[in-house]
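Asker: Here's a structure for you.
Here, each number is a calculation from the coordinates, and none is a lab measurement. Everything quoted here is computed from the prediction, not taken from an experiment. Cβ atoms come from the backbone with ideal geometry, glycine included; neighbour counts cover every protein chain shown.
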Amino acid sequence: MGEQTQFNPGQKAPNDGIYVEVGENAFHTGVNNPKSVELKKGDEFPETSNHNRKWVRVLN
């Protein structure tokens with residue numbers, strides 16, 4: 001089993017990092033002006049700009 005890469009609002013962050021909104025079905029789905037948040041492990045993901053979006057971690 002792989003590690004989860006997309007997260008819904010209200011879920012807990014698995015790791016410290018910066019997370020951005022993406023389209024629901026794929027990373028390449030364009031999102032204009034995506035929200036970005038910096039979370040610590042265990043913090044809850046905030047609401048997205050619309051219900052079809054998910055949170056993903058930005059890899060440095």
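Asker: Along the range 47-55, what does the Karplus equation 6.51 cos²θ - 1.76 cosθ + 1.60 (θ = phi - 60°) give for ³J(HN,Hα), rounded to whole Hz, x for Gly and Pro?
Answerer: So the J values, rounded to whole Hz, are 5, 8, 5, 8, 5, 8, 10, 10, 9.
Asker: Now for a separate question. Could you tell me which label, among (i) 20, 12, 9; (ii) 17, 13, 11; (iii) 30, 11, 5, carries the value of semi-axes √(5λ) of the Cα gyration tensor in Å calculated for this structure?
Answerer: (ii)
Asker: Amide H of Gln11 versus every other amide H placed in the peptide plane: which residues, excluding those fewer than 5 positions away on the same chain, fall under 5 Å?
Answerer: Amide H to amide H, under 5 Å and 5 or more residues apart or across chains, Gln11 pairs with Phe45.
Asker: Suppose every K and R has +1 on its Cβ and every D and E has -1 on its Cβ; what is the size of the dipole of the chain about the Cα centre, in Debye to the nearest 20?
Answerer: Taking the Cα centre of the chain as origin, the dipole is about 40 debye.
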